[in-house]
Amino acid sequence: MRTNEDATARALEAVLPEGTAITDPDLLVSYRHDQATGADAGQPAVAVFPRTTEQVQAVMRIAHSRQVPVVPRGAGSGLSGGANATDGCIVLCLDRMDRIREMRPADGYAVAEPGVINQRLRDEASTHGLLYAPDPASREWCTIGGNIATNAGGLCCVKYGATRDAVLGLEVVLADGRVTSIGRRGIKGVAGYDLVGLFVGSEGTLGVVTQARLRLRPLPPPPTTAVALFPDLVSAGRAVEAIMLTTTPSLLELMDATTLAAVERFQPMGLDTSAAALLIAQSDLPGHAGEREADAILSAYDAAGATESYRSQDAEQADALLAARRLAFPALERLGAWLLDDIAVPRSRLTKTISGIERIAAAREVVIGTFGHAGDGNLHPTIVYPHDDPDAAHRAFAAFDDLLRLALRADGTVTGEHGVGLIKRHVLADELDLVAQSLHDSVKHALDPSGILNPGKALPLRR
């Protein structure tokens, strides 16, 4: 086996520039896995760092000819094990393909390579008075390629959608090394199947994205922020339903009591930790329209039974309020080992789902802090348990499975934005019916008949 791996590495070194491939086991450790807890990772044979589409093609041609698995990788910020290596694989690191090739304000799009950092693209767009909307929590270090692979979301999804809604076109290298350009160059077009939508969220199992045409929108004005505290989850859930029936906020986020307490311990900012829930909403409509939308949100808060509600007075105060939400995961992470989920349910099931999460926490004797994107029903229940406690770890992983099945019982999904990866394959078959599973298999076989692209990820685990 080692002979075959060495031969693959030599073949790659022969067609790639010097320093593009590494085989040192001590260095390869850094490229074995992403940030997911509890996901298996193998030992790669080699990691390669192409800078051009042609170099990616060369890698895929060698992998195809030798039937060697390839695991594409961005910044490794994923939370599902989707970038975890398999034994003997080629880890295809795309972070050096980091050029913003075009910025087309008049046409409303940018062209970026997969290694471009999300925040960098947002910053560049803003200099043209434009917005690249997808804003995952890891936006300061995650890459556009990784965002496309998982159809990453963020706080703004409630109004602007997830990554799929921002991708107009892709350049993709297929499993056998062929390259294709799919999608459109304008904002509108329906010619042919929606192949772009197929590749977005496919977690590197169908092809390797080497360029993306990404939709840009007019940069909205500074938002108006409306915040409320609630005595129970039922009233918070009522407020979410009422807000979404009458307005389109640019953000609508929830934090439960456990998360509020964790944030206040982590970085004291005067949060009321006696509240059962906190809702944070924003309107990015201009001028008086934004004020009226914020007023409508405040009215919905009060009608639902908020104990306190108020509007931000300036941008600095708004940023401080939103900072509490952005600290949710770092604050919970400090409490011990963790498992972060990303289930999504219909908004009408939000309250019952959060109550179900609390019951799971009690039954499994684990701490679960829940926060997330209330406006689109995407929750991040985060299980926290002591380090070096096998029994607690067992209960935590059992609770993680309970959460996935809770979402399915609520007509939801096991993943709203992090992807299936490795850690949710065993439950995906419960979400997809048998015909849907066969369609997944057919698509995979059509584009990667040898099964070399990111094997063992994203597809349902056969029982």
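The values are calculated or read from the model by the stated rules, or taken from the named source; none is laboratory data. Since the structure is predicted, the reported quantities are computational estimates derived from the model, not experimental observations. Every residue, glycine among them, receives a Cβ derived from its backbone with ideal geometry; neighbour counts consider all protein chains shown. Accessible surface areas use protein heavy atoms only, side chains included; no ligands, DNA or RNA. Shrake-Rupley method; radii C 1.70, N 1.55, O 1.52, S 1.80 Å.
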Can you figure out the FRET efficiency of Asp176 with Arg359, using R₀ = 45 Å and their beta-carbon distance, to the nearest 0.05? 0.35
Can you order the peptides 124-131, 58-65, 264-271, 352-359 by their average number of other Cβ atoms within 10 Å per residue, highest first? 58-65, 352-359, 124-131, 264-271
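Please identify the chymotrypsin sites (Phe, Trp or Tyr not before Pro) of segment 92-199 that satisfy two criteria: DSSP loop assignment and at most 11 other Cβ atoms within 10 Å. Which are they?
Working: sites: Tyr109, Tyr132, Trp141, Tyr160, Tyr193, Phe199; in loops: Tyr132, Trp141, Tyr193.
In loop regions of segment 92-199 (DSSP not H, G, I, E or B), the sparsely surrounded chymotrypsin sites (Phe, Trp or Tyr not before Pro) are Tyr193.
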If I model a spin label as a point 7 Å beyond the Cα along the Cα-Cβ vector, how far apart are those points for Glu102 and Glu333 in nm? 3.6 nm
I'd like the distance separating the alpha-carbon centroids of segment 99-145 and segment 301-376, in whole Å. 28 Å
If you line up the Cα atoms of segment 74-217 on their principal axes, what length do they span on each, largest first, in Å? 46, 34, 27
Using alpha carbon centers only, segment 1-55 is separated from segment 385-463 by a whole-angstrom value of 26 Å
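Counting only DSSP beta bridges with both residues in segment 1-112, what percent are antiparallel, rounded to the nearest 5? All intermediate terms of the calculation are to be shown ahead of the outcome.
On the way: 6 of 13 bridges.
Percent antiparallel among DSSP bridges in segment 1-112 is about 45.
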Of the cross-linked pairs Lys159/Lys188; Lys188/Lys424; Lys188/Lys457, which ones have a Cα-Cα span greater than 30 Å in the structure shown? Lys188/Lys424; Lys188/Lys457
Compactness summary of the chain: radius of gyration and Dmax from Cα atoms, Å, are 22.5, 70
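Among 175-185, 147-157, how do they line up by average Cβ neighbours within 10 Å per residue, starting with the highest? Provide the component values of the computation, followed by the final result.
Values: 175-185: 15.9, 147-157: 27.4.
Output ranking for 175-185, 147-157: 147-157, 175-185.
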In whole angstrom, how far apart do the alpha carbon centroids of segment 269-283 and segment 176-230 sit? 32 Å
For segment 347-423, what is the accessible area per residue in Å² when the probe is 1.4 Å? 40 Å²
Protein accessible area in the chain, 1.4 Å probe - carbon and sulfur %: 52 percent
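Rolling a 1.4 Å sphere over the protein heavy atoms, what is the accessible area per residue of segment 1-114, to the nearest Å²? Present the calculation step by step, with values, prior to reporting the outcome.
Details: 4990 Å² over 114 residues.
Computed with neighbouring chains in place, this is 44 Å² per residue.
Taking the solvent-accessible surface of protein heavy atoms with a 1.4 Å probe, what is the per residue accessible area of segment 154-281 in Å²? Don't skip to the answer; put the middle values down first.
Values: 5020 Å² over 128 residues.
About 39 Å² of surface per residue is accessible.
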